[in-house]
Amino acid sequence: KYKKFDEKELIKKTARLLAENKVIGWFCGRMEFGPRALGHRSILANASNPQMKEIINLKIKHREPFRPFAPSALEENASGYFDLDCPSPFMLLVASVRPSKRKVLPAITHVDGTARVQTVNKIDNGKYYDLIKEYEKLSGVPVVLNTSFNVRGEPIVCTPQDAYNCFIKTDIDFLILENFLISK
């Protein structure tokens, strides 16, 4: 089942699904290059749900339950949640999660109180930025859980067919494929 949305409608619908603790396969725009998923080929979820790390590790990624996930945060809000004084657009910096925010972000806070942060701005990734901004309006939190769109032992999804296959074979709740919302 699928439905096509204009971009604004899609952002609102996806943000609502994230706020409802749904796990989203997010396939939008060009493929990333580098060691991390940066909001084009990502699995997204509510970073405030304390059970989300376990849900994604066991039911989707099929990996050990202790493995951590990373946050994508709005660049202008990141320093309020993380001990970070510069942008981190490539998710290569590890920063302490501010002690007052650790209970707010349990799904992305590592056991040592840190997180590998990606900061997102409107210029570099407008659609992803808009999604996190809309999610913030609903949840009060400008941070989402972001992990690569793949399962253990497989490369990151590259094509729409790869994304669909990963979606069908896992417990991902919804697939965003450009401006299409696909459900099972």
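The values are calculated or read from the model by the stated rules, or taken from the named source; none is laboratory data. What you see is a predicted model; the values in this text were computed from it and never measured. Here the Cβ positions follow ideal geometry from the backbone for every residue, glycine too, while neighbour counts run over all protein chains shown. Remember, those area values only see protein heavy atoms, side chains included, never the ligands or the DNA or RNA. Shrake-Rupley method; radii C 1.70, N 1.55, O 1.52, S 1.80 Å.
Using amide H atoms built 1.01 Å from N in the peptide plane, name the residues 5+ places from R98, or on other chains, whose amide H lies under 5 Å from its own.
When sequence neighbours closer than 5 places are left aside, the close amide H contacts are F82, D83.
With every protein chain left in place and a probe of 1.4 Å, what is the accessible surface of H62, to the nearest 10 Å²?
My reading of the accessible area for H62 is about 90 Å².
Round to the nearest 0.05 the FRET efficiency obtained for R152 and R30 when R0 = 22 Å and r is the Cβ-Cβ distance.
Working from the Cβ atoms, E equals 0.35.
When Rg is the radius of gyration of the Cα atoms in the stretch 16-93 and Rh is its Kirkwood radius, what does Rg/Rh come to?
That ratio equals 0.96.
Return the long-range amide H neighbours of L93 (sequence gap of 5 or more, or a different chain), with a cut-off of under 5 Å between placed amide H atoms.
V117
Run the reach check for K59 against aspartates and glutamates, Cα to Cα strictly under 14 Å, same-chain hits fewer than 8 apart removed. What comes back?
K59 reaches D171, D173.
Which cross-chain or sequence-distant (5 or more) residues have an amide H under 5 Å from the amide H of A37, H modelled 1.01 Å from N in plane?
S148
Of E32, E7, E154, which has the most accessible area with a 1.4 Å probe, and how do the rest follow in descending order?
E154, E7, E32
Rounded to the nearest 20 debye, what is the charge dipole size of the chain about its Cα centre when +1 sits on each Lys and Arg Cβ and -1 on each Asp and Glu Cβ?
In total the dipole reaches around 480 debye.
Expressed as a whole percent, how much of the Cα-Cα distance distribution for the stretch 82-184 exceeds 21 Å?
Percentage above 21 Å: 47.
Any idea what the alpha-carbon Rg over 2.2 N^0.38 Å comes to for the chain?
0.93
Which of the lysines could a cross-linker span from K13 if the Cα-Cα distance has to be under 22 Å and same-chain partners fewer than 8 positions apart are dropped?
Candidates past the 8-residue exclusion: K1, K3, K4, K22, K122, K127, K133, K137, K184.
May I ask for the distance between the Cα centers of the stretch 161-184 and the stretch 82-113, given as a whole number of Å?
The stretch 161-184 and the stretch 82-113 have Cα centres spaced 28 Å from each other.
Probe 1.4 Å, all protein chains in place: accessible area of K137 in Å², nearest 10?
Accessible surface of K137 is approximately 150 Å².
Let me know the charge dipole size of the stretch 112-184 about its Cα centre in debye, to the nearest 20, where only the beta-carbon of Lys, Arg (+1) and Asp, Glu (-1) is charged.
40
Keeping all protein chains in place and using 1.4 angstrom, which order do D173, D85, D6, D112 fall into by accessible surface area, from largest down?
D85, D112, D6, D173
Run the numbers for K1 and Q161: contour at 0.36 nm per residue of separation, minus the present Cα-Cα distance, in nm.
56.1 nm
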